[in-house]
Structures are given as C-alpha cells and as structure tokens.
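Below is one structure, written out as structure tokens; comments come after it.
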Amino acid sequence: MSQKAEELFSAHYKINDIKVRSGGIEFKTRLKTACLANILMGSSTRILMRLASFKADGFRRLEEQIKAIDWELYLPLQALPDIRVTTHKSRLYHSTAIADRISPIVHDRLFLKDASRRHDITDPAAITPQTLMVRGENNRFELSLDMSGTPLYKRGVKEKIVKAPLRETLAFAILTRLGLSEKDTLVDPMCGSGTFSLEGAMMQCALPPGALRSFAFETWPGFEEKSIAYARNKLMAAAGACMDTRPLPPISARDLDRTAIDHLKQTCTRHKAFQRICPVCDDFFNIKPPPVTNHQGVVVLNPPYGIRLDRNDDVTVLYKEIGHKLAADFKGWRAGIVCPGRKEFQALNLGLSTMPLFHGGLDLYTAIGVISR
Ligand SMILES: C[S@@+](CC[C@H](N)C(=O)[O-])C[C@H]1O[C@@H](n2cnc3c(N)ncnc32)[C@H](O)[C@@H]1O
C-alpha cells in the first residue's frame, strides 16, 4: 500500500475503491471529502477529479463526448481551463489538435451561458486559473479537473525560497517514515529554506499540510464553502489547542548560509506553529546535539549534491564526513539523509536502510533508520 493510500485511510473519511496506479492512487468519494483530502494529504502533488471516461477514435466522437459534459456544473462561468493533453497508443495523438477541439466547446458553454460575462473574456482578471487534464490511452480518454491548483507541495508559508529547496511532499514523506511525534526533538542542520523544520513543526502540532493555503476547487459551483470552512476551522482549532496545552520541544534549524537563515526567521513569524523553530547560522560539523532519551531525537539532512556542488567537489567525500559526524555525535538518533545515489548512501556507512524517492528529475535514495554505529 502506498504512503498516499495509508494517509487516506488514516484520515478516517469514507473513501472507497482505493487503487494504486502508476504515479498515484485512485479512489471514490464525495466532493467534500476530496476537498478535505487536499487540505490533509502531505505527500501528494495534486488531486484530480475525474469528469468523464470514454472511447474516442476520431474527432467527431471526441467532440460529442465533450459536448455531453455539463461543464457549468463543475466550473465557474468565468473559468477558461488550461487544457493539458497526453496520449499513448491512440488514433488521436496530436495533443494540440485535441486541445483545440475541446477548448471552444468548453468556452462556449461557460461563457455563452452567462451573457453578462461575454465582454469580460479578454480581461485576464476575470479568468479563474484551472487546469483540465486529458489523458488518452488505447483510444480511451479520461478527463479530469485539477482540484488543487498550485501544486500541493506549495504550502503557502515560505517567505522566500533559497537555492535547491527540497519539496515539502518529500520532507513530509521522510518525516512520516521516521515516525516524527510531538515528543521528538528535531534537528535540521543544513536547513536551507527550512522545509524539514516547517513540515516537522506542522506535523508535531497536527496542523494539516494544506491548512494555510487556497485551492482551485474553492471557485467551483459545487464547493460547499461553509462545510469546508467548518472542517478547516476545527482542524486549526485542534492544532491551536495542541500548541497551547503541550510543551513541544524546540526545532533546531542550522545553515552556513546567513541569507537562508534570515529568510527562515521571517517565515517563522508567519504562523504560531513555526515559533518553535530556532534558525541559527552555523556549520553542521561544529554543532553539538541537545541531549535526548529513548531515541527521541530526529536528525534530517538534505546536503548539497550534483549540480548544487562545485564540479571539482567529490560528493562522496562530503557524505563520508557527514557519516563520521553523525556516528560521533548523533548515536541513537533517528536519521533521514537525502542521498543523490547509492555511492553516497554507502559513503555514509551508518548501517541505515534506503527509501527510494523521485525529486526534480533525479532518483534519490534516502538513508533512513536509527544511527547505531
Ligand atoms: C540542498 S540545500 C538544503 C535545502 C533545504 N532542505 C530546503 O528545503 O531548502 C543544502 C544546504 O546545506 C547548506 N550547507 C552546506 N554545507 C553546510 C555545512 N557544513 N553546515 C551547514 N549547512 C551547510 C547549504 O548552505 C544549503 O542551504
């Protein structure tokens, strides 16, 4: 079972027919629950709502099927979806031609229905950004609306992003795999823009990953604004109560780059959940970890690698030094270290397991486990 499917199960909502598909999962549920999934799921990039699935081996059939969809039930009248088409082993294979056939049909339905809006068509401010995904395989087409809008790894909290940030979804997946709990002391010694620290802070007080951002579905006619606002407020109140009643340990964020630390300090002023993060400009190789008991220390690292390092630098040497430092000062801590490949993972020599990850076009290994040597 993928991590995404596990997350959905643990959300305790009525979700049926969960299937793991290549690159994601598919499930059936009510629109309201799917809206909440956008707020709750920490490791997904986007959630799509399936509109239709049909066979079409020519433009005529495609157009008939597009006309049969009640577009005004799904999209606001001023929406003009950006149509993204992919096809595989289908007679209709020209993605631009397919988008060009679909676009005027949707456009006419959403604009001609609302005569008062016809004159606003050229006003970009009147157009709600929305993506329609069209996927053709063996002449079967699936049409889906992107519920999320801006990708879900953008949590809407970072003040400024410094170079080579880790995606929030990956940081969330690594911290979940490490079982980060509110009792753990989190150390993020090469924090950059603070992705691990910010995700960890939200997780430890159960503030949902999407609690502080907006979504494309909020403009849809079927969006139940009041009930989603109610559910969101309840989740926020529970997180607030957690912060007020439990003494959560400080999160240590360190980086050599002073600008990164200054930006992170700014970000930490944006929500109460981030006030426990202590950003300090420091060298990882000089830091001494705070004392922890019973493996309740979690250290996470996303060191510079590949194009992020000078060409002459040997990245395995850096990973070897990181391994020595962790073995010397972080024995007994749970660790998650992002590695660009197997060589770097082996150079750590910490006896950890691997967790495969895909990030920015690269297959990464993450070293995961308790530092025991
Ligand atoms: C790949 S980036 C980390 C990105 C970060 N995970 C984020 O999401 O923004 C690597 C970071 O390690 C920092 N760094 C490199 N060597 C360091 C050292 N010896 N001590 C502390 N930080 C270091 C760099 O300044 C850079 O910000």
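The values are calculated or read from the model by the stated rules, or taken from the named source; none is laboratory data. These figures come from a predicted structure and were not determined experimentally. Note that we place each Cβ from the backbone using ideal geometry, even for glycine, and neighbour counts take in every protein chain shown. Only protein heavy atoms, including side chains, enter the accessible area calculation; ligands, DNA and RNA are left aside. Shrake-Rupley method; radii C 1.70, N 1.55, O 1.52, S 1.80 Å.
Determine whether LEU178 is in contact (Cβ under 8 Å) with a residue 40 or more places away in the chain, more than 19 Å from ILE251 (Cα to Cα) and open to solvent by less than 20 Å² (accessible area, probe 1.4 Å).
On the way: in contact (Cβ under 8 Å) with a residue 40 or more places away in the chain: yes; more than 19 Å from ILE251 (Cα to Cα): no; open to solvent by less than 20 Å² (accessible area, probe 1.4 Å): yes.
No.
Of THR259, THR169, THR176, all but one fail to be within 12 Å of the ligand (Cβ to nearest atom) and either within 19 Å of the chain's Cα centre (by Cα) or within 22 Å of LEU364 (Cα to Cα) (or both); the exception is THR169.
Residues that are farther than 22 Å from PRO221 by Cα, at least 3 per element: which helices (runs of 4 or more DSSP H) completely within region 34-115 meet that? Before you say what the answer is, go through the steps one by one.
Numbers: elements: 59-67, 71-74, 95-112.
Passing ranges, in order: 59-67, 95-112.
Residue pairs whose Cβ atoms lie under 6 Å apart, sitting 6 or more positions apart in sequence or on different chains, and linking a residue in region 160-173 that is in contact (Cβ under 8 Å) with a residue 12 or more places away in the chain and aliphatic (A, V, I, L, M) to a partner that is more than 11 Å from the ligand (Cβ to nearest atom) and assigned to a loop (DSSP other than H, G, I, E, B), are ALA173/SER43.
Of all the criteria given as (1) open to solvent by less than 70 Å² (accessible area, probe 1.4 Å); (2) in the same structural domain as VAL338 (by TED's automatic domain parsing); (3) touching a Leu at 6+ places or on another chain (Cβ under 8 Å), the one not satisfied by CYS278 is (3).
Going through THR293, THR259 one at a time, which residue ends up being exposed (fewer than 14 other Cβ atoms within 10 Å of the Cβ), touching a residue at least 12 places away in the same chain (Cβ under 8 Å), assigned by TED's automatic domain parsing to the domain that holds LEU180 and out of contact with any helix residue (DSSP H, G or I) (no Cβ under 8 Å at 6 or more places or on another chain)?
Going through THR293, THR259 in turn, the sole match is THR259.
Which numbered condition trips up PHE358, out of (1) outside any helix (DSSP H, G or I); (2) open to solvent by less than 70 Å² (accessible area, probe 1.4 Å)? Tallying (1) outside any helix (DSSP H, G or I); (2) open to solvent by less than 70 Å² (accessible area, probe 1.4 Å), PHE358 fails exactly one: (2).
The number of residues in region 262-274 that are more than 16 Å from the ligand (Cβ to nearest atom) and either exposed (fewer than 14 other Cβ atoms within 10 Å of the Cβ) or over 23 Å from the mean Cα position of the chain (by Cα) (or both) comes to 1. Of everything in region 140-162 that is open to solvent by 40 Å² or more (accessible area, probe 1.4 Å) and away from the ligand (no atom under 16 Å from the Cβ), the residue that is nearest to the chain's Cα centre (by Cα) is THR150.
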